[in-house]
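S.K.: Right, I'll just put the structure down here and ask away after.
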């Protein structure tokens, strides 16, 4: 008999569980005997899905400014300290150990945007986060999630010196658990989300634009599925009758297959559904879409 009655909150992907084996039996002398032992440790695996959304208008105005899976390495990214490693499978980038380091997209510049990535820390110590509007390694903004004395911090780094824009108490991160982090920057207003929930906001107008990247301090965390999308661009207008191509990209970061996915989204006001199609690495995959063409 294998027993594990732990709460679901501790049974998450990559958690290592040691199951208890219990045996009760009656021998030839009618004696009831029992024994127990610990079975071999088991790692929990479950589908780990990440969903990205993008659009392209008739005028080729695209919402996606940067998309990176690291499946082909980290070409086009620059480390400020140490070597960030990649592997074709499972296709993420891992920070160097024991240092403070940024990994920044080379030659990119974004002004108003949503910037997201998923991250998995290797321990509950150190710090993980995202950097944005990066001018150079001494001038940028960063969102930092610190494990010891857990807290969130939104900081501006100027001339290499950090100053706090906003901070909040948080729960610590769990080792080997994946989290989705997002920064939305519009003008001087910044809003931070973790797993879809707003956790922090702040205002600062010092740096107007710059690149995006990843941040660690004394934690060789893994990052994946970087996505930067456009926000607040007045030049991307849509006229009556324009066709907008809307794409949902779903990736599975784990070995366990996800079945029967149901994804619900809302069409923006005054838009009409035309058609849909599916592209998948699984030749047996099928798509059932609703509403019917012509619905709004």
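S.K.: Given 0.36 nm per residue, what is the gain on full extension from residue 23 to residue 56 after removing their alpha carbon distance, in nm?
M.R.: 5.7 nm
S.K.: Label 7 Å along Cα→Cβ of residue 72; region 214-231 residues with amide nitrogen under 17 Å?
M.R.: 225-227
S.K.: Using a Förster distance of 35 Å, how high is the FRET efficiency between residue 33 and residue 85, based on the Cβ-Cβ distance and rounded to 0.05? Please report the intermediate quantities before stating the final value.
M.R.: Details: r = 52 Å, r/R0 = 1.48.
Working from the Cβ atoms, E equals 0.10.
S.K.: Kindly rank 129-135, 143-149 from highest to lowest mean number of other beta carbons found within 10 Å of each residue. Present the calculation step by step, with values, prior to reporting the outcome.
M.R.: Values: 129-135: 23.6, 143-149: 19.1.
Final packing ranking: 129-135, 143-149.
S.K.: Work out, step by step, the length gained on full extension between residue 285 and residue 179: first 0.36 nm times the residue separation, then minus their alpha carbon distance; give nm to one decimal.
M.R.: Taking residue 285 through residue 179 to full extension adds about 35.5 nm, to one decimal.
S.K.: On full extension of the chain, what length is gained from residue 260 through residue 166, given 0.36 nm per residue of separation minus the C-alpha to C-alpha distance?
M.R.: Values: separation 94, 0.36 × 94 = 33.84 nm, distance 4.07 nm.
Taking 0.36 nm per residue and subtracting the Cα distance, the gain is 29.8 nm.
S.K.: Students often check this: by mean Cβ neighbours within 10 Å, which of 163-171, 206-214, 269-277 ranks highest, and how do the rest follow?
M.R.: Averaged packing, sorted descending, gives the order 206-214, 163-171, 269-277.
S.K.: Sticking with this one: Listing 195, 239, 204, 224 from the residue with the fewest other Cβ atoms within 10 Å to the one with the most, what is the order?
M.R.: 239, 195, 204, 224
S.K.: Further question on the same structure: Between residue 275 and residue 240, what is the spin-label point distance in nm, taking each point 7 Å from the Cα along the Cα→C-beta axis?
M.R.: If labels sit at residue 275 and residue 240, their model points lie 2.4 nm apart.
S.K.: In whole Å, what is the distance between the alpha-carbon centres of region 182-252 and region 119-146?
M.R.: Using only Cα atoms to place each centre, the spacing works out to 15 Å.
S.K.: A further question on this structure: Using Cα pairs closer than 8 Å and at least 6 residues apart in sequence, work out the relative contact order for region 64-230, in percent.
M.R.: Values: 480 pairs, mean separation 58.1, N = 167.
Answer for region 64-230 is 35 percent.
Read the figures in this text as sums done on the coordinates, not as results from a lab. Since we're looking at a predicted model, the values are computed, not measured. Positions of Cβ are generated from backbone atoms using ideal geometry, with glycine treated the same way; all protein chains shown enter the neighbour counts.
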